[in-house]
1. Once neighbouring chains are kept in place and the probe is 1.4 Å, which whole percent of the accessible area of the chain is contributed by carbon and sulfur?
2. Can you figure out the FRET efficiency of residue 165 with residue 19, using R₀ = 35 Å and their beta-carbon distance, to the nearest 0.05?
3. With charges only on Cβ, +1 for K and R and -1 for D and E, what is the dipole size of region 160-223 about its Cα centre, in debye, rounded to 20?
4. Once you list every other residue whose beta carbon is under 13 Å from the beta carbon of residue 67, what net charge do they have if Lys and Arg are +1 and Asp and Glu are -1?
5. With a 1.4 Å probe and all protein chains left in place, how much accessible area per residue does the chain have, in Å²?
6. With charges only on Cβ, +1 for K and R and -1 for D and E, what is the dipole size of the chain about its Cα centre, in debye, rounded to 20?
7. In nm, to one decimal, how far is the residue 100 label point from the residue 54 one, both placed 7 Å along Cα→Cβ?
8. What whole-number value in cubic angstrom gives the convex hull volume per residue for the C-alpha atoms of the chain?
Amino acid sequence: LEIGPGLGSLTLALLEKAKEVIAIEIDSRLAAELPETVSRHGFDLKKLTVVNQDAMAVNSLPKAPTVLVANLPYNVSVPVLLKVLEIFPTIKSGVVMVQSEVADRLIAKPNSKEYGSPSVKCNWWADMSSAGTVSRSIFWPVPNVDSALVKFVRRSTPGNEALRKSTFKLIDLAFAKRRKMLRAALSSIASEEEILSSGVDPKVRGEAFALNDFIKIAITISK
């Protein structure tokens with residue numbers, strides 16, 4: 001699966017290795033041109049499926065992709081990645097290029113300034129790691145930001161959809177008020193006693209906790 005193929009440079013490289021490529025392209029002109037580009041370079045068009053839609057609106061695909069390789073649009077990279085991981089469980093691994101600051105957040109660990117909601121949420125589905133950096137000088141026109149590659153490998157989710165939703169709600173609250181202690185940040189849905197009984201210190205900021213800690217609180221609240 002490729003998101004945002006643009007003029008097709010990455011698409012051509014993927015077609016050399018992949019059995020098939022599904023490309024999601026929001027721009028109608030680029031989506032119409034992509035098969036022409038692929039054909040001109042000698043590839044079988046049967047290996048390419050173009051979906052002319054906004055990636056955030058795609059909830060099903062004509063085939064089941066197993067790998068995501070994409071240069072994700074910087075302004076929606078995190079929502080798109082989270083959606084792909086949620087909606088398409090057949091995708092087991094991938095490498096995405098994102099803005100370097102976003103990459104730092106995706107791979108960040110607790111107690112770091114980059115650690116935040118995206119760091120925790122992505123871990124629900126996959127293990128994230130750095131796969132290198134990309135200089136801005138290779139792009140034309142040259143952007144004002146640097147890019148980085150993030151690799152992910154899917155793993156078993158720690159619970160069902162109900163638990164995911166309640167856990168994600170806790171994560172959102174904790175990082176919306178990241179300078180506050182957990183008991184204050186979560187006060188609207190969890191008492192200090194509930195946080196304590198889940199084995200988590202309510203007097204520590206949310207940025208100190210990993211996904212499993214938020215899951216413990218969510219399970220305690222549900223009981």
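1. Carbon with sulfur: 54 percent of the solvent-accessible area.
2. Computed FRET efficiency for residue 165 and residue 19 comes out at 0.50.
3. With Lys and Arg at +1 and Asp and Glu at -1, about 220 debye.
4. So the surrounding residues net to +4.
5. For the chain, the per-residue accessible area is 52 Å².
6. 540 debye
7. Simple spin-label model gives 3.1 nm for this pair.
8. So the per-residue Cα hull volume is 126 Å³.
The values are calculated or read from the model by the stated rules, or taken from the named source; none is laboratory data. What you see is a predicted model, and the numbers here were worked out from it, not measured in a lab. Cβ coordinates were reconstructed from backbone atoms using ideal geometry, including for glycine residues, and neighbour counts include every protein chain displayed. Quick note on the areas: whole protein, heavy atoms, side chains included, nothing else; ligands and nucleic acids left out. Shrake-Rupley method; radii C 1.70, N 1.55, O 1.52, S 1.80 Å.
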